[in-house]
Amino acid sequence: MQDPSAAPPDLRQESALTAGPVRRLPQRRLSMEPAPARPAGAVQGLGLWLRDRQALLSWLQGGMVVLYALVLLLPVLLPEGGVARIAQFLIWGLWAPGVLLSVLLFGRLWCGALCPEGALTALASRHGRGRAIPRWMRWPGWPFASFAVVTVYGQMISVWHFPLPALLLLGGSTSAAVLVGLLYGREKRVWCRYLCPVNGLFGLLARLAPLRFAVDAAAWDSCPPERARGQRFICEPMVPVRTMDSASPCHMCGRCAGFRDAVRLEARLPGVEVVRGGGATGWDSLLVIVGMIGLGTVAFYWNLGPWHSALRQTLAQGLTGIGWLWPLETAAPWWLLTGPPGSEPGRVVDVAALLGVLAGMTAGLSLMVALPLALATRLLGPWEGRRFHHLAQGLIPLAAAGLILGAGRFTVKLLRDAGWDTTAAPLGLALLALGAGWSAVLITLSVRRHATGTARGWLATGAALLALPPPLATWALLVRIG
């Protein structure tokens, strides 16, 4: 039998779909007549515009589903050339870096307004079986685990270079999203909330965004009953809106804008949520340090040096010495290992060498980043994991700059293949400098929230800032290599 505690949240929440301009009621005003409305500002008005344009957003999502299907299928169905190359450029040259930038600028608006995978899983959920969400699916480690698995597997099958591996990885993810939608929840994005490979990544980047939907709990509670009666909305990502204090889980769809005169789109200083440090967990730190910085850097770096071939040779010598030759002679299927263009067919030993290189380089870079943060945490007083996780969030801007730079390298390559004389090194270095400077500011401000003395605070700040040079130097070298 299903665990009663695993039942999905209430399917509907109250919403201001018909409410007028957002306004805040004083807590002392308890009369049944609503207070005079205040004019909505430009930012707040944008939130209300999103709320009132849900039909338009549905059409946009439908168009994105069609476009997504075309860019995945056309390169597989058509011979290599014009249309296939355009589709490849759209999905890797524009989509990958563009979505990352959009989350930094607008929060998770991509998720709520444009994401084809989210739209499909929500559609499936409307007509699915509506089962309770199983306990294993709510494991908090999924954002890191799914990101790591997809990143590693993408390297194994060279997803950036070939259309069939791209269809396998992205199409497989979309199929899983639809299946989850058909089985679990009702009118919910269960896949997006728990299992999406980029859910954790987008949640971290959204903490830097200058826009968020803010909730005034006092205004929520003091809203007259007649204002809320009969008003409903569905929060597809299952966010408890009244207690929402972070932009991380919010998909920015606007459905809740103006509800009870308490939910409004607001501008804020970029990164202020990171400085506050509320809600940072060990899984967040793992995703930032090991996922975004460690594995996210190594994924673009491992094949530019001798590490893979050296490890492969060492493994081959060891296997030959014990007479275990089948890993050297057995070809790996394409769905397990597809080498870069021009490489020889891979063997089983190549799979082991690739996994070993990714694991070793990721562990090394992650330790070089984590140890200075650990030292800073200890300098600030007795060890507290909460403090370490707070400081780790300061690395998000530099990690984001690295991921955008890595995705942008493929954009530059495609442009060069098309005959464009493109030099992106100055732009890449500027992006890295911006990310590193932003991270330095956030780390410094975060340390000051924990420092009990001036000298200790400066020592801790210096120690924490030592986490920046290793990934910064690695990405700068990558920019120079091209």
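Given an 8 Å cut-off on Cα distances and at least 6 residues of separation, report the relative contact order of the range 215-297 as a percent.
This gives 34 percent for the range 215-297.
Order 248-259, 209-220 from most to least packed using the mean count of other Cβ atoms within 10 Å.
Per-residue mean Cβ counts within 10 Å order the peptides as 248-259, 209-220.
Give the peptides 385-395, 231-241 in descending order of average Cβ contacts within 10 Å, highest first.
Descending packing order for the listed peptides: 385-395, 231-241.
Just one of [x] 24.3, 86; [y] 38.3, 139; [z] 25.6, 80 is Rg and Dmax of the Cα atoms in Å calculated from these coordinates, so which is it?
Matching the structure shown: [x].
Could you work out how far helix 396-417 tilts from the main Cα principal axis of the chain, as a 0 to 90 degree angle to the nearest 10?
Compared with the principal axis, the helix lies near 60 degrees.
Quantify, in whole percent, the carbon and sulfur part of the accessible surface of the chain (1.4 Å probe; protein heavy atoms only).
Heavy-atom surface of the chain belonging to carbon and sulfur, 1.4 Å probe: 68 percent.
Report the extension gain between Ser58 and Thr423 in nm, rounded to one decimal, defined as 0.36 nm multiplied by the number of residues separating them, less their alpha carbon distance.
Numbers: separation 365, 0.36 × 365 = 131.40 nm, distance 3.88 nm.
In short, 127.5 nm is gained.
Set the Förster distance to 22 Å, then compute FRET efficiency between Ala217 and Arg386 from the Cβ-Cβ distance, nearest 0.05.
About 0.40, to the nearest 0.05.
Determine the relative contact order of the range 64-171: mean sequence separation of Cα pairs under 8 Å and six or more apart, normalised by residue count, in whole percent.
Relative contact order of the range 64-171: 31 percent.
I need to check one value: relative contact order of the chain, counting alpha carbon pairs closer than 8 Å and at least 6 residues apart, in percent.
20
Taking only protein heavy atoms and a 1.4 Å probe, what accessible area per residue, in Å², does the chain have with all protein chains in place?
With the other protein chains kept in place, the chain gives 46 Å² per residue.
So if I restrict to the alpha-carbon atoms in the range 74-139, what is the Rg, and what is Dmax, the biggest pairwise distance, in Å?
16.8, 47
Where a ≥ b ≥ c are the square roots of the eigenvalues of the C-alpha gyration tensor, would you call the range 388-469 rounded, which needs a/c under 1.5, or, failing that, prolate if a/b is larger than b/c, or oblate?
Taking the square roots of the gyration eigenvalues as a ≥ b ≥ c, the range 388-469 is prolate.
The values are calculated or read from the model by the stated rules, or taken from the named source; none is laboratory data. Nothing here was measured: the structure is a model prediction, and the numbers come from that model. Because the Cβ atoms are built from the backbone with ideal geometry, glycine has one as well, and the counts that use them run over all protein chains shown. When the accessible area is computed, the model is the full protein with side chains, heavy atoms only, and any ligands, DNA or RNA have been set aside. Shrake-Rupley method; radii C 1.70, N 1.55, O 1.52, S 1.80 Å.
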